[in-house]
Amino acid sequence: MPRSVMVTGGAGFIGANFVYHWVGAHPADQITVIDALTYAGNRDNLAPVADHLSLTFVHGDICDSALVSRVIAERTVDTIVHFAAESHVDRSIVDPGLFLQTNIIGTQVLLAAARAAWRVEGGYRDGVRFHHVSTDEVYGSLAIDAPPAVETTRYEPNSPYAASKAAADHLVRAFHRTYGLPVTTSNCSNNYGPCQFPEKLIPLLLINALEGKSLPIYGDGMNIRDWLYVGDHCRAIEAVLERGRPGEVYNVGGDAPMTNLEVVRTLSRLIDEAFSAEPALAARFPSSPAARGGTTLSLLKFVTDRPGHDRRYDIDGSKIAAELGFRPAEGFESGLRQTVEWYLANEEWWRAVLDGSYREWVSQHYGDGGPAGQARPL
Ligand code: NAD
Ligand code: TYD
């Protein structure tokens with residue numbers, strides 16, 4: 001039976017990649033994207049699938065309960081995949097209130113609308129599902145010798161972003177326990193890949209390298225993150241939607257934990273290799289050290305640490321592997337190489353993104369420190 005899937009935040013990084021995946025894997029399904037098009041949302045992200053006839057875009061806020069209920073009813077939505085969120089830790093340090101509004105209230109509005117729309121005598125309509133996309137950051141900073149986080153690891157969120165996601169996770173659980181709503185949650189590690197907004201580590205470093213700007217690394221660069229290619233994340237969510245048990249939580253990792261220094265070293269080497277293999281890049285990006293036979297890594301600069309910066313995240317993905325047969329397929333180096341290729345091929349995309357509200361926001365909050373990562377919040 002074809003589904004009618006509502007994707008919240010589908011014009012953002014992971015949401016758009018999920019829509020590409022879903023359209024390819026489930027062409028008979030209807031898809032409705034609802035997105036407020038904040039600084040992180042971009043309709044152009046959906047351009048590759050714009051011709052898909054059963055894709056509808058609704059420009060709107062998930063906190064708007066009347067709108068959300070209307071969309072669920074009009075599109076007879078039976079599956080909600082909830083990505084919409086404020087997603088950047090540094091911004092949550094500057095403006096936590098917005099994170100509480102979108103990430104907590106927005107999730108509650110969606111849950112209540114789904115519950116009202118899907119209720120029937122004695123339960124819910126067959127086949128309905130609310131899937132909530134969350135993060136490994138809810139588990140807080142793991143000790144260096146602690147095992148990776150499992151689904152029952154205690155929540156210890158440390159940033160306003162992580163705290164808001166933790167609250168949303170609890171609400172999703174509560175709607176299952178209290179009202180029996182068929183929900184699932186996935187908590188995944190750091191994603192990377194095409195269309196990621198260049199305030200996050202990997203695209204920020206990549207674009208700064210091409211523009212000859214410094215590569216800002218917080219603190220001593222020894223913080224550890226596990227890196228998950230976005231395409232693998234989309235497959236994991238698909239596995240949960242198709243085979244996951246209602247009420248369950250699934251951790252999704254990339255099997256690639258590493259320090260930020262390891263990330264910047266690998267990325268710098270791949271950029272240098274790309275310039276060696278493609279001489280035309282030197283003319284396109286003359287300020288890059290690689291254009292002049294230098295090394296990208298020479299741009300590395302240690303900067304003031306992020307307040308409350310979590311030292312280590314790591315995810316144990318054995319539950320989703322054992323129960324649903326999901327394992328990440330992409331290795332870090334090959335996923336990163338594809339990401340470098342995408343940003344090189346889509347210069348227009350990231351220039352447009354950087355010329356928009358992002359530069360304004362950075363200069364408003366961090367002073368006139370320039371675009372990607374020159375000035376840091378203190
Ligand atoms: P993103 O910031 O790139 O995109 C968020 C999208 O949500 C944007 O399109 C934005 O316009 C939209 N949005 C924001 N507020 C909205 C509102 N009130 N109403 C409707 N739409 C709204 O985020 P992302 O990196 O794609 O992350 C997607 C989800 O995955 C988030 O819930 C995030 O917490 C989670 N997550 C992300 C990562 C990661 O590494 N990026 C890791 C784990 C979990
Ligand atoms: P980020 O991409 O912001 O994701 P998160 O904070 O959700 O893990 O950051 C990833 C790691 O990189 C994190 O340890 C913070 C660090 N970082 C830097 O060192 N420099 C930067 O400019 C940014 C944005 C992040």
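Quick notes on this one:
- Residue within the range 329-343 that is surrounded by 15 or more Cβ atoms within 10 Å (Cβ to Cβ), assigned to a loop (DSSP other than H, G, I, E, B) and at pLDDT 95 or above present: yes
- Checked across the range 122-133, the condition of being among the aliphatic types (A, V, I, L, M) and under 18 Å from Asn251 (Cα atoms) holds for at least one residue.
- Subset of the range 344-371 (residues that are loosely packed, with under 14 Cβ neighbours inside 10 Å and either in a helix (DSSP H, G or I) or at pLDDT 95 or above (or both)): Ala345, Glu347, Glu348, Arg351, Ala352, Asp355, Gly356, Ser357, Glu360, Gln364
- Residue count for the range 96-132 satisfying the condition of being exposed (fewer than 14 other Cβ atoms within 10 Å of the Cβ) and more than 24 Å from the chain's Cα centre (by Cα): 8.
- Test result for Tyr229, within 15 Å of ligand 1 (Cβ to nearest atom), surrounded by 17 or more Cβ atoms within 10 Å (Cβ to Cβ), in contact (Cβ under 8 Å) with a residue 40 or more places away in the chain and more than 20 Å from His88 (Cα to Cα): no
- Residue within the range 40-63 that is within 16 Å of ligand 2 (Cβ to nearest atom) and part of a helix (DSSP H, G or I) present: no
- Pair list, Cβ < 8 Å and 6+ apart or interchain, from the range 259-270 residues that are more than 9 Å from ligand 2 (Cβ to nearest atom) to residues that are assigned to a helix (DSSP H, G or I) and modelled with pLDDT under 95: none
- Residue within the range 158-168 that is more than 16 Å from ligand 2 (Cβ to nearest atom) and in contact (Cβ under 8 Å) with a residue 12 or more places away in the chain present: yes
- Those strands (runs of 3 or more DSSP E) of the range 141-254 in which 3 or more residues are more than 14 Å from the chain's Cα centre (by Cα) and within 24 Å of Asn42 (Cβ to Cβ) are absent.
- Ala73 vs. criteria surrounded by fewer than 24 Cβ atoms within 10 Å (Cβ to Cβ) and part of a helix (DSSP H, G or I): yes
- As for the range 128-142, it holds at least one residue that is more than 21 Å from Arg312 (Cβ to Cβ) and more than 15 Å from ligand 1 (Cβ to nearest atom).
- Residues of the range 11-26 that are in contact (Cβ under 8 Å) with a residue 12 or more places away in the chain and more than 7 Å from ligand 1 (Cβ to nearest atom): Ala16, Asn17, Phe18, Val19, Tyr20, His21, Trp22, Val23, Ala25, His26.
- Of the residues making up the range 203-219, those that are buried (at least 23 other Cβ atoms within 10 Å of the Cβ) and within 12 Å of ligand 2 (Cβ to nearest atom) number 5.
- Candidate set: the range 46-88, residues that are among the β-branched types (Val, Ile, Thr) and under 12 Å from Ala11 (Cα atoms); chosen: the one nearest to ligand 1 (Cβ to nearest atom): Val58
The values are calculated or read from the model by the stated rules, or taken from the named source; none is laboratory data. If you're wondering where the values come from, they're calculated on a predicted model, not measured in any experiment. Backbone-built Cβ (ideal geometry, glycine too); neighbour counts: all protein chains shown.
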